[in-house]
Amino acid sequence: AERPKRLAELQAMAAIGQPHLMRYYDEFFSALRQPIAQVLLSADALDSRSGYRNAQATLDELLRRGVIPVVNENDSVAISELRFGDNDTLSALVAVLVGASHLFLATDVDALYTANPHVAPPPGQPPAEPIREVADVCEALARAEEAAAGGGGSGSAWGTGGIATKLRAARLAAAAGVTTVIHSAQEPGAVAAVLGGACD
């Protein structure tokens, strides 16, 4: 079927999909005997101090009760002018809300790279190398945005798809003292390893 184009259609599809998404989460966590809860946030709800503190109190209470909140944007009612825009930004805001020590961004690579590690470098260019620690996230973000604006594409340094949104999330998290880790979604053990003190 063709993807809907009208906002109302897209939001209706988001509403239809939410129960199915939560069913997958529920099945997975039920196998671990871990209770979960669905929390749908909207940017306008966090735009006021009262809304921010209310969301914070709800998340804190869930965690106090040993319940893992599954947080998503409330796509079915959000308006385009007031959206988080991407899951990386949303996850950074949630990390700040709950006072997390770390923000883990799972992706298709195991680290931030100097170029897209999935494609061969252009002639004369060195292969992509992992960047294990970013000293200045603002500088890294500026390079990523510059590469994207200049058509940095798949083979150019900092031009890989989605890296700018992750760096924006890292900048937001860093402002609140939260450490961001970019890791491969195929290696869930990386979370425990980092929390255990691993640096690579």
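Match the structure shown to one of the listed values [x] 15.5; [y] 13.8; [z] 18.9 of mean projected area of the Cα convex hull in nm², computed from it, and give that label.
Calculated mean projected area of the Cα convex hull in nm²: the matching label is [y].
Based on the alpha-carbon gyration tensor of the range 50-111 and its eigenvalue square roots a ≥ b ≥ c, which shape applies: rounded if a/c is under 1.5, prolate if not and a/b is larger than b/c, or oblate?
The shape class here is oblate.
Of all DSSP beta bridges in the chain, what percent run antiparallel (nearest 5)?
About 15 percent, rounded to the nearest 5.
Tell me, what is the per residue accessible area of the chain in Å², probe radius 1.4 Å?
61 Å²
Considering Cα pairs under 8 angstrom that are at least six residues apart, work out the relative contact order of the chain and quote it in whole percent. Can you show the working numbers first?
On the way: 245 pairs, mean separation 40.3, N = 200.
That works out to 20 percent.
Once you have a ≥ b ≥ c as the square roots of the Cα gyration tensor eigenvalues for the range 1-109, tell me rounded if a/c is under 1.5, and otherwise prolate or oblate according to whether a/b is larger than b/c.
Oblate is the answer for the range 1-109, as a/c is 1.5 or above yet b/c matches or exceeds a/b.
When the accessible area of the chain is split by element with a 1.4 Å probe, what percent falls to carbon and sulfur?
54 percent
Which of the trypsin sites (Lys or Arg not before Pro) across the range 10-102 are loop residues per DSSP, with 10 or fewer other Cβ within 10 Å? Could the numbers behind the result be given before it?
Values: sites: Arg23, Arg33, Arg49, Arg53, Arg64, Arg65, Arg83; in loops: Arg33, Arg65, Arg83.
Taking the range 10-102 and a limit of 10 other Cβ atoms within 10 Å, the loop trypsin sites (Lys or Arg not before Pro) found are Arg33, Arg65.
Please give the helix 7-31 orientation as an angle from the longest Cα principal axis of the chain, in degrees from 0 to 90, rounded to the nearest 10.
Between the helix axis and the principal axis of the chain, the angle is about 90 degrees.
The values are calculated or read from the model by the stated rules, or taken from the named source; none is laboratory data. These figures come from a predicted structure and were not determined experimentally. No Cβ is skipped: glycine too gets one built from the backbone with ideal geometry, and neighbour counts run over all protein chains shown. Calculation scope for accessible area: heavy atoms of the full protein, side chains included, ligands and nucleic acids excluded. Shrake-Rupley method; radii C 1.70, N 1.55, O 1.52, S 1.80 Å.
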